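Since the structure comes first, as structure tokens, the remarks are kept for the end.
The values are calculated or read from the model by the stated rules, or taken from the named source; none is laboratory data. Since this is a predicted model, take the numbers as computed values, not measurements. Cβ sites come from the backbone with ideal geometry, for glycine too, and all protein chains shown count toward neighbours. Note: areas computed on protein heavy atoms with side chains; ligands, DNA, RNA excluded. Shrake-Rupley method; radii C 1.70, N 1.55, O 1.52, S 1.80 Å.
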Amino acid sequence: MQPKPWPADWMRAALSLCVLRTLAPGPTYGYAIATALEAAGFGAIKGGTLYPLLTRFETAGWIAAEWRPGAGGPGRKYFSLTDDGQQELTDQAAHWQLFSTTVHDHLQKGPAESL
């Protein structure tokens with residue numbers, strides 16, 4: 001049985017951070033990023049979603065891109081975190097942790113009592 005896909009708005013909220021985290025171990029290319037995210041349980045990430053995000057990261061200075069020749073095929077564009085990108089990952093991860101704890105606590109406790 002195939003698991004139900006995550007709601008699109010949840011994916012939009014988390015994808016930036018998760019793509020940055022996927023790039024943390026070292027340079028990789030777009031298809032490998034999408035495959036890693038799918039293997040991690042995020043479902044299929046379409047190129048039309050991933051590549052504009054990578055372009056925004058490159059514009060922001062969070063990632064650097066370089067073309068590498070392919071082994072017997074076309075070259076690939078590899079992406080790697082810059083120092084600014086690593087800092088952004090650290091900042092976003094800390095902020096996400098606070099947010100997810102806030103959501104979790106609210107779901108467990110319910111809304112605060114009215115005054």
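Summing -39500 (n - 2.57) over the DSSP H runs of n ≥ 4 in the chain and dividing by its residue number, what mean residue ellipticity at 222 nm do you reach, to the nearest 500 deg cm²/dmol?
That calculation yields -19000 deg cm²/dmol at 222 nm.
Share of Cα-Cα pairs in segment 52-115 beyond 20 Å, in percent?
54 percent
Net charge around residue 34, counting only other residues with Cβ within less than 15 Å of its Cβ (Lys, Arg = +1; Asp, Glu = -1)?
Once positives and negatives cancel, what remains is +3.
Please list, or write none, the lysines whose alpha carbon is within less than 23 Å of the alpha carbon of residue 77, excluding same-chain residues fewer than 8 places away.
Partners within reach: 46.
Among 55, 102, 82, determine the one that fluctuates most according to a GNM of the chain built with springs between C-alpha atoms less than 10 Å apart.
Between 55, 102, 82, it is 102 that shows the largest mean-square fluctuation.
Which one of 43, 85, 70 has the biggest mean-square fluctuation once the chain is modelled by GNM with Cα springs under 10 Å?
Top of the fluctuation ranking is 70.
If one puts a single equal scatterer on every Cα of the chain and applies the Debye formula without solvent, what log₁₀ I(q)/I(0) results at q = 0.16, 0.22, 0.23 Å⁻¹?
For the chain at q = 0.16, 0.22, 0.23 Å⁻¹, log10 I(q)/I(0) is -0.82, -1.29, -1.36.
Rounded to the nearest 20 Debye, what is the dipole magnitude of the chain about its Cα centre when Lys and Arg each give +1 and Asp and Glu each give -1 at the C-beta?
480 debye
Just the number, please: carbon plus sulfur as a percent of the accessible area of segment 8-108, 1.4 Å probe, no ligands or DNA/RNA counted.
Of all accessible area on segment 8-108, carbon and sulfur atoms account for 57 percent.
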